[in-house]
């Protein structure tokens, strides 16, 4: 079944995060009937399928953008490792973890000359490298879960 333009607009708005009533208003349904229309549309299997398609497209675009940012950070990370600069390494890992959605808020290291700035090569390669390994495992698991969710939508 092909959706009409209002249904298509509703699906796009809903997949972008608009609540049902708001998505219905964006699609051109009247204020008085928007809640009812949203409820009806969300029960339509073709509409639900199209919303899933839009969400999968958005997830793929977000994953691609995140990977692009990760790729840009990789040379900085490698330079930090090569120079035994634990603070730089940890800052890059923190950014990568935030991009991957593994951490929010706070900071994993103090800024401006905290203990990490004074770590030697031995310290940087022990506990901090274990921390990096764990974050890499979590990022891999999160990526696999995102791919599985995207496949379910298609």
* **Members of region 72-87 that are loosely packed, with under 15 Cβ neighbours inside 10 Å and in a loop (DSSP other than H, G, I, E, B)** => 83
* Asked: When you look at residue 60, is it assigned to a helix (DSSP H, G or I) and either under 23 Å from residue 146 (Cα atoms) or more than 27 Å from the chain's Cα centre (by Cα) (or both), yes or no?
  -> yes
* To do: Please state which one of 41, 102, 69, 90 is in contact (Cβ under 8 Å) with a residue 24 or more places away in the chain, outside any helix (DSSP H, G or I) and in contact with a helix residue (DSSP H, G or I) (Cβ under 7 Å, 6 or more places away or on another chain).
  => 102
* To do: Answer with yes or no whether residue 105 is over 27 Å from residue 54 (Cβ atoms), surrounded by fewer than 16 Cβ atoms within 10 Å (Cβ to Cβ) and modelled with pLDDT of 70 or more.
  => yes
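The values are calculated or read from the model by the stated rules, or taken from the named source; none is laboratory data. Owing to the predicted nature of the structure, the values given are computational and were not obtained by experimental measurement. Every residue, glycine as well, gets a Cβ built from its backbone with ideal geometry; the counts of neighbours run over all protein chains shown.
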